[in-house]
1. Which condition number does Ala254 fail, the rest of (1) touching a strand residue (DSSP E or B) at 6+ places or on another chain (Cβ under 6 Å); (2) more than 28 Å from Asp212 (Cα to Cα); (3) surrounded by fewer than 14 Cβ atoms within 10 Å (Cβ to Cβ) being met?
2. If a residue must be surrounded by 15 or more Cβ atoms within 10 Å (Cβ to Cβ) and charged (D, E, K, R), how many such residues does the stretch 276-306 contain?
3. Asp309 - would you say it is in the same structural domain as Asp148 (by TED's automatic domain parsing), open to solvent by 40 Å² or more (accessible area, probe 1.4 Å) and within 13 Å of ligand 1 (Cβ to nearest atom)?
4. Check off (1) in contact (Cβ under 8 Å) with a residue 40 or more places away in the chain; (2) open to solvent by less than 60 Å² (accessible area, probe 1.4 Å); (3) in contact with a strand residue (DSSP E or B) (Cβ under 6 Å, 6 or more places away or on another chain); (4) not assigned by TED's automatic domain parsing to the domain that holds Asp348 for Arg67 and give me the number that stays unchecked.
5. Quick one: count up the residues across the stretch 144-190 that are assigned to a strand (DSSP E or B) and more than 14 Å from ligand 1 (Cβ to nearest atom).
6. Quick one: in the stretch 1-26, of everything that is away from ligand 2 (no atom under 13 Å from the Cβ) and within 31 Å of the chain's Cα centre (by Cα), which residue is nearest to Pro51 (Cα to Cα)?
7. Name the pairs whose Cβ atoms lie under 8 Å apart, with the first residue in the stretch 181-200 and over 22 Å from Val169 (Cα atoms), the second of a type in the set (Asp, Glu) and more than 10 Å from ligand 3 (Cβ to nearest atom), and 6 or more positions between them or separate chains?
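The values are calculated or read from the model by the stated rules, or taken from the named source; none is laboratory data. This structure is a prediction, so every number in the text was calculated from the model and none was measured. Note that we place each Cβ from the backbone using ideal geometry, even for glycine, and neighbour counts take in every protein chain shown. Heads up: the accessible areas ignore ligands, DNA and RNA and are worked out on the full protein's heavy atoms, side chains in. Shrake-Rupley method; radii C 1.70, N 1.55, O 1.52, S 1.80 Å.
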Amino acid sequence: MVSLASASPLWLRDNCPCADCRDPRNGQKLFQITELPDALAVDAVHDARTPEGSPAREVVWAPDGHRSVYPESWLGDHLPGAAAPGDGRTEDDKELWAASRFDGGLPEADWDAYRGDPAVRAAALDSVLRLGFVLLRGVPVHDRHVLDVAGTFGYVRETNYGELFEVRVEADPNNLAFTGARITPHTDNPYRDPVPTLQLLHCLVNAAQGGDSGLVDGFHAAALLRAEAPESYEILTRVPVPFAFADERTELRAHRPLIGTDPAGRIREIRFNNRSIGTLRLPTDRLDAFYAAYRRFGELLLRPELQLDFRLAPGDCLIFDNTRLLHARTAFAESGDRHLQGAYADIDGLASTLAVLRREESAR
Ligand code: OGA
Ligand code: ZN
Ligand code: ZN
């Protein structure tokens, strides 16, 4: 039997499941924290049963005599001492990888199976959360189909580039992406706050010489930096970097460190993009230290053993975590045909879709 002795009274009362405290129709809380009595204390505890008949503990509260019935199972999962799960977004909840992790093949799914079979869909979405990406194969090579792919797990994040963006050679490129230039590992749109957490790249044509793809696990790289050069890691988690993008219609900026951590210090978000990093304004000694650390991280990200190389074929759609993975492409001959359509979306929606799939799976 669980003991309530270690529970904080305000915490326990805040989690009262009774119908006066939570709307039974939606589970949402009906009171404000300021409405709880000042000298709140547990007056008595009894063994009890939930309305469904499971073992529970009943707490009688002083000074107001309110009664709360907590299922034993809930107490076991939530009382202090039970391991607190992370939010699913930090290094603790990921499988960090180097390229050789995929010697046996990429995490991939056939489009028809993905659409038709909830278990295939769940496995694919789980890959995005755990490994940072999945490759869908056999996606119809249709204009704007990338938007339908996003719709299978969430919602497109429209931006100044539109609902989708075209990656192909343009006559007057507002971004190096729209040339045949090599693009080194980067995250997209670090100049937005919030940054798009997911990116999709759907290959329509890839007949050019070159233009191969690369992915790097930025969490793994940051963890290596932390192990190899702790002072550099520290700087990159603390110095806000100004990222900016501007064209005739747009002027975007965001100030964020290259390595974002959660309040417990766990790696949670990478922003890295040499094309859109702005001008830092710091005292010279701090600039020296920042640039040494930035270079060191940049070198680490280029280690061949970290970069997973592959080539997108027409009908491939890559879905990846833009807060974790860096993506790259090799240069290609502008005389050749190459056309990708990209879109942004968000990972909370993908995680929600996966959670609902799993709920349905366990109900079967
Ligand atoms: C981009 C980009 C990848 C590619 O447009 O930001 O990374 O394969 N493109 O062209
Ligand atoms: Zn209550
Ligand atoms: Zn990009």
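1. (3)
2. Result for the stretch 276-306: 1.
3. yes
4. It fails just one condition, (2).
5. Result for the stretch 144-190: 1.
6. Per the criteria, the residue is Arg25.
7. Val195/Glu269; Pro196/Asp346; Thr197/Asp321; Thr197/Asp346; Thr197/Asp348; Leu198/Asp321; Leu198/Asp346
For every residue, the table says whether it meets (1) modelled with pLDDT of 95 or more; (2) open to solvent by 30 Å² or more (accessible area, probe 1.4 Å); (3) assigned to a helix (DSSP H, G or I).
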{"site": "Ala84", "(1), (2), (3)": "no, yes, no"}
{"site": "Asp87", "(1), (2), (3)": "no, yes, no"}
{"site": "Val120", "(1), (2), (3)": "yes, yes, yes"}
{"site": "Ala124", "(1), (2), (3)": "yes, no, yes"}
